[in-house]
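Data first, discussion second: the structure below is written as structure tokens.
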């Protein structure tokens, strides 16, 4: 009995130790980014490095907004991301409803095809997308990012939302049809309110994926005025040195919208669940 007790204590200590190490390894880069963003330039290059700023200096944030045109990059990212989220969730919701509740010829094959599309890496599409944007005279314009993003995120959006549409009871659908609901009324008045959590979850996922995307944005946009935030980070590297302080400050700015949206979506889901329990 004592041996089992000792083993369980030893196992728990080992588990907690590994969890603590993993926690530190994951969080330390984020801490270092935030810490460096508040340091003065000379303090960043101090050896050994200082793990806490001597004083909170906002100079790097001021430089990011004035010298490096971060507001322009931020607006570009916001335009691209919001447009992508809107079209992806809208088209994805309609497509998920059609594939799961309107059984037509080839619907099963189409659902399988959506899964297959996720097997190909994005880098394979770079050359075709570049040629297409050049011929359509969309190169160095924000639509050259929005359209590929929508095309790439749409299969995921449909797959994610399909699960929510499948969970709606068939009896509810049949009762609505008996009451005289047509397809559009069925979608708007019956299904849409029930699958709202799925639409929100898909929107948040799409927002995060597009907001932090770099590969396509750096390949299809080379004009500085059209840079998104992630591509804008490359402007902090000079011929002789990199402005690490302003770069880290911009990295913090990039992370804030995603964190805020994630927390708001959590509150939405909690309120939704609480409301369902009360009902």
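The values are calculated or read from the model by the stated rules, or taken from the named source; none is laboratory data. Since the model is a prediction, treat every value here as computed from it, not as a measurement. All Cβ positions, even for glycine, are placed from backbone atoms using ideal geometry, and neighbour counts span all protein chains on display.
Miscellaneous remarks
- Residue 232 being over 27 Å from residue 155 (Cβ atoms), in contact (Cβ under 8 Å) with a residue 40 or more places away in the chain and assigned to a helix (DSSP H, G or I): yes
- Region 58-77, residues that are without any contact (Cβ under 8 Å) to a residue 40 or more places away in the chain and surrounded by 14 or more Cβ atoms within 10 Å (Cβ to Cβ): 65
- Check on residue 222, closer than 30 Å to residue 128 by Cβ, part of a helix (DSSP H, G or I) and in contact (Cβ under 8 Å) with a residue 12 or more places away in the chain: no
- Taking region 1-114 and the helices (runs of 4 or more DSSP H) fully enclosed by it, the elements with 1 or more residues that are within 30 Å of residue 186 (Cα to Cα) are at 70-101.
- Of all the residues in region 33-57, those that are within 21 Å of residue 234 (Cα to Cα) and touching a residue at least 12 places away in the same chain (Cβ under 8 Å) number 10.
- Hits in region 174-193 (condition: surrounded by 15 or more Cβ atoms within 10 Å (Cβ to Cβ) and under 33 Å from the mean Cα position of the chain (by Cα)): 186, 187, 190, 191
- Among residues of region 202-225, those that are touching a helix residue (DSSP H, G or I) at 6+ places or on another chain (Cβ under 8 Å) and farther than 17 Å from residue 257 by Cβ, counted: 9
- The requirement of being in a helix (DSSP H, G or I), without any contact (Cβ under 8 Å) to a residue 12 or more places away in the chain and within 25 Å of residue 201 (Cβ to Cβ) is fulfilled somewhere in region 148-162, by at least one residue.
- Look at region 123-142: where a residue is farther than 14 Å from residue 223 by Cβ and a partner is modelled with pLDDT of 80 or more and assigned to a helix (DSSP H, G or I), sitting 6+ places away or on another chain with Cβ atoms under 6 Å, you get 126/219; 129/148.
- Selected residue (only one of 147, 136, 142 is within 26 Å of residue 265 (Cα to Cα) and touching a helix residue (DSSP H, G or I) at 6+ places or on another chain (Cβ under 9 Å)): 147
- Residue tally, condition outside any helix (DSSP H, G or I) and either closer than 14 Å to residue 66 by Cβ or in the same structural domain as residue 30 (by TED's automatic domain parsing) (or both), over region 238-253: 1
- Number of residues in region 254-268 that are within 27 Å of residue 40 (Cα to Cα), surrounded by fewer than 17 Cβ atoms within 10 Å (Cβ to Cβ) and either assigned by TED's automatic domain parsing to the domain that holds residue 49 or touching a helix residue (DSSP H, G or I) at 6+ places or on another chain (Cβ under 7 Å) (or both) equals 1.
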